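The values are calculated or read from the model by the stated rules, or taken from the named source; none is laboratory data. Predicted model, so just to flag it, every value in this text is computed and none were measured. Neighbour counts are summed over all protein chains in view; Cβ atoms, including those assigned to glycine, are modelled from backbone coordinates with ideal geometry. Just so you know, the surface numbers come from the protein's heavy atoms only, side chains and all, with ligands and any DNA or RNA stripped out. Shrake-Rupley method; radii C 1.70, N 1.55, O 1.52, S 1.80 Å.
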Amino acid sequence: MSTAGLAQGNEPADSFVVQFQRRSFDLAKFRSAIRSRVPQAELNAIVRTLEESVRRDQAGFGERLRSLGGQVIDQWWLVNGCSIKVRPAHIARLRQWPNIRSVQPDTIRRPHLVVAADNVHHGSAAANRMRNAGGDLITGKGVAVAVLDTGADADSGNKKRPHACYFPDGDPSQTNNGGIGGSLLLEALKLPVSPSGDDRDGHGTAVAGCVGANKWNSQFDVGNGVAPGTGIVSLNITDQSGWSQDSWIVTAWQTITARRLARNIGAGNNSFSGSPNLDNIVQQALDSAAFNADMLICVSAGNFGRYTAESQGAFNGLAVGSIDKIAKTRSNFSAIGPLYGTNRTYPDLTAVGNQVVLPQIDDEASKVTQGGTSYAAPMVAGAAALVRQAAPRLDANAVRALLLNTTEFRSSDRNFYGLGSLRADAAVTAALAGDVVPGTVRGNLPRALFTFRFPASGEQRITISWMRSEFRSNKTPNLNLRILDDQNLVIGQDYNSSNSYESVVFPAVANLTYTAEVYWANPTASSDSVAFAIAGTQQRIAPTLSAIKPGAVTAYRPVDVELQGSGLASATQIVFGTKVVTEFTVLDDTRVQVTPPELMSIGTTSVRVENPHGVSPARNLTVTGPGNPVFVGPEVVTRSPTSTQQFKVYSGKHWRSLVLVSNSNQPSTIPNIYQLGIGNNWQAILMTVTLLSHDQRGASAFALPFPTSLPKVTVYLQALSVNPAAVSMPFPVSNVHRLTIQ
């Protein structure tokens, strides 16, 4: 199938995509669940809540649309919009409705095809011989890549099993791989418009072959893909014609995002045409999937040379151009930047995409040799799977920074080769060495600093990568990168305002201390911070810890603290006494923000920072009680013969607390002794529930039964505390806790 000469503007006459101004929810809980790696069942529950919220938010719009004879086809939580069918004559009126941001045609998209993998040029064969910390070969094992395309050869030649390329070593008898028929084809999904998940076109199978085909026959030029151990999650996004539409691709990204944890989908690929406009609904969905679901998404840059009006923007992903096998020069069809309508250099990097030997659907004895950026992009997706297996703790942003920083330099003109050509072996080596660290800039702290050294002299490269978190705009965060030597002189800088990465190449001297300065050039109110990754800072420095601010926190619900020192960007864990914390925010090499563990012992706790190169000297953090005691417990309980509920009171170390209950929340006061918030000055019921002794953390708990003999009533509980070692008045009292018994 050739797309040469096809232009934008081919859309179904009655199909449109609607974007809304506002909605009642965000994806923060979903994003947190992905990064916490919750069970898929828990993620499914979050998705169901998001789906319900979308239906509720868009209900009024749907009713009004039906009054025009139209209908809502699909609704999205990944982005704020929906797809509809309605007569074009109604569009002008619809655009004036409340909460409508835009109504655009549902544009047709096609595979980027001109007419697996040459490992010599990408070093993937060398990467496949490396081993991770657990001793496993780096083949992508345990990581899945989502391929949004024309499907997968799931029933090859009516054999009732997938093509041999989806089995380890191309051997269909190896059926212990968790996918269809025991293969590495984990799923062959389809959209409602698609005839089947089975590939009838061949493009999707070829693309997946670049990601991770196994040598499927004995022909001399048939070989493995970049990540032959990775799982493939295929999703057919096309109809019978083999083409797709914007709305279908949005639904596809949402489908994959919802299944992110079920299959450990660490990367995705879409080798179709698209839009360079970041406000386009597909580009919003792609960037939202990358940011919220922590996936490294690759797209083909396009096959029309300087014509990039149908190339995808993919700000949060990677757009990949093609090089030829032998000369390793740009393929004559591969996209040339700048990207249409922007100042963005394009593509981001290149990979072999011409004369690629690929599996052919329904014919395992054959092969097909083709070319196009369609096949370059999945090479990079496969490399991302290798990196994520090598260093599972890395997020998608860090993986992207490593892939960009380890390319083989081809040209100073980034509009031909991007930052260079893919080197999977160099990326995996850097991942295993931990040669990438996170950072964060904020509106009030827009500058981050990283100090580093190199063990040998020679040309070196530093690359930063970041993502946008606000998708409904072409305005994107812009970070600048400067490299300074030990005399604080600038020796390299990159100030591109349109790309989502910056990269500096400079001559380095062994064991000289350099500084990378990352600066947020355009802080906006829409985002208070930007997280980034910086690759190439080969730090070999144990951390130091010079200060903790603030120097005191409460044992119950401690506030965030900022640790200050050096070598902190490569921190792997922070130890508070004996409690280990692995979740924290790196601001730069000198600052880390962290929430101390709840319920540390009241007193003084030592704090240490660990990175791969050592442990910092300890600093002390003061831990106090909460001041006034805090009462915590259920607000509604149901009576039953076996019903028991636990309540907690947090106070001072080894303090004592008297728990009281009343049917009134009016105060009872004895001046200078105590002021309760219950009891109505002893005119209401006021009685003691229990006497508590608090432990060294200031914590204490008690249980109450709620048998059916109790009446249905609302009562109020409160704790009055005392320090037996130093009694002082008035006695501290807790919050009033309302409890409904039903």
Packing-ranked peptide list from 164-173, 350-359, 28-37, 306-315, highest mean Cβ count within 10 angstrom first, is 350-359, 306-315, 164-173, 28-37
Can you pull out the trypsin sites (Lys or Arg not before Pro) in region 377-430 whose DSSP state is coil and whose Cβ has at most 13 other Cβ atoms within 10 Å?
393
Starting from the Cα of residue 663, step 7 Å toward the Cβ, then list every residue of region 705-742 with an amide N under 19 Å from that point.
706-718, 737-742
Beyond 13 Å, what percent of the Cα pairs of region 182-232 remain?
63 percent
Taking Cα centroids, how far is region 617-653 from region 173-236 in Å?
53 Å
So how much slack lies between residue 693 and residue 131, counting 0.36 nm per residue of separation and subtracting their Cα-Cα distance, in nm?
197.0 nm
Using alpha carbons only, what's the Rg to Rh ratio of region 173-303 with Rh from Kirkwood?
0.96
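To the nearest 20 Debye, how big is the dipole of region 520-661 about its Cα centre, given +1 on the beta carbon of each Lys and Arg and -1 on that of each Asp and Glu?
Charge dipole, region 520-661, about its Cα centre: 540 debye, nearest 20.
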How large, in percent, is the carbon and sulfur part of the accessible surface of region 202-289 at a probe radius of 1.4 Å?
50 percent
State the percent of C-alpha pairs, over all pairs in region 489-580, separated by a distance greater than 20 angstrom.
57 percent
Can you give the convex hull volume of the alpha carbon atoms of region 111-262 per residue, in Å³?
132 Å³
From the residues 507, 490, 417, which one has its Cα farthest along the dipole of region 412-544 in the positive direction, the dipole being from +1 and -1 charges on Cβ of Lys/Arg and Asp/Glu about the Cα centre?
417
Stokes-Einstein, Kirkwood over Cα pairs, region 639-742, 4 °C, 1.567 mPa s; D in µm²/s equals 90 µm²/s
Once the mean of 1/r over all distinct C-alpha pairs in region 346-413 is inverted, the Kirkwood radius in Å reads 13.9 Å
If you average 1/r over all unlike Cα pairs in region 390-500 and invert the result, what Kirkwood radius do you get in angstrom?
15.8 Å
Round to a whole angstrom and tell me the spacing of the C-alpha centers of region 424-486 and region 335-406.
21 Å
Going through the cross-link list 215/328; 579/653; 328/367; 29/579, which pairs have a Cα-Cα distance over 21 Å in this structure?
215/328; 328/367; 29/579
Those trypsin sites (Lys or Arg not before Pro) in region 159-193 that DSSP places in a loop and that have at most 15 other beta carbons within 10 Å:
159, 160
Let's test the formula: R0 of 56 Å, r as the Cβ-Cβ distance of residue 685 and residue 615. What FRET efficiency results, to the nearest 0.05?
0.50
Backbone N within region 634-656 under 15 Å of label point (7 Å from residue 712 Cα along the Cβ vector)
636-640
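Determine the per residue accessible area of region 350-413 with all protein chains present and a 1.4 angstrom probe, expressed in square angstrom.
For region 350-413, the per-residue accessible area is 26 Å².
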What does the charge count near residue 416 come to, summing +1 for each Lys or Arg and -1 for each Asp or Glu among other residues with Cβ under 15 Å from its Cβ?
+2
With +1 on each Lys and Arg Cβ and -1 on each Asp and Glu Cβ, how big is the dipole of the chain about its Cα centre, in debye rounded to the nearest 20?
1720 debye
Relative to the Cα centre, what is the charge dipole magnitude of region 175-312, using +1 at the beta carbon of each Lys and Arg, -1 at the beta carbon of each Asp and Glu, and rounding to the nearest 20 debye?
300 debye
Checked against the positive end of the charge dipole of region 430-472 (+1 on Cβ of Lys and Arg, -1 on Cβ of Asp and Glu, about the Cα centre), the farthest of 467, 444, 455 is 444
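Okay, helix-only estimate at 222 nm for the chain: each DSSP H run of n ≥ 4 adds -39500 (n - 2.57), divide by all residues, round to 500 deg cm²/dmol; what do you get? Before the final figure, lay out each step's value.
Working: 12 runs with 127 residues, N = 742.
Value at 222 nm, helices only: -5000 deg cm²/dmol.
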Positive-end residue of 717, 125, 72, charge dipole of the chain with Cβ unit charges
717
Residues in region 705-742 reached by a label modelled at residue 672 [backbone nitrogen below 18 Å; 7 Å Cα→Cβ]
727-732
Ranked by how many other beta carbons lie within 10 Å on average, peptides 435-446, 687-698 from highest:
435-446, 687-698
Cα centroid separation - region 71-100 against region 679-739, whole Å:
55 Å
Based on the Kirkwood radius over alpha-carbon pairs, what value in µm²/s does the Stokes-Einstein equation return for the translational diffusion coefficient of region 140-195 at 4 °C and 1.567 mPa s?
109 µm²/s
Using the Kirkwood radius over Cα pairs of the chain, the Stokes-Einstein translational diffusion coefficient at 10 °C and 1.306 mPa s, in µm²/s and rounded to a whole number, is 56 µm²/s
Would you mind giving the average projected area, over all directions, of the Cα convex hull of region 32-98 in nm² with one decimal?
5.3 nm²
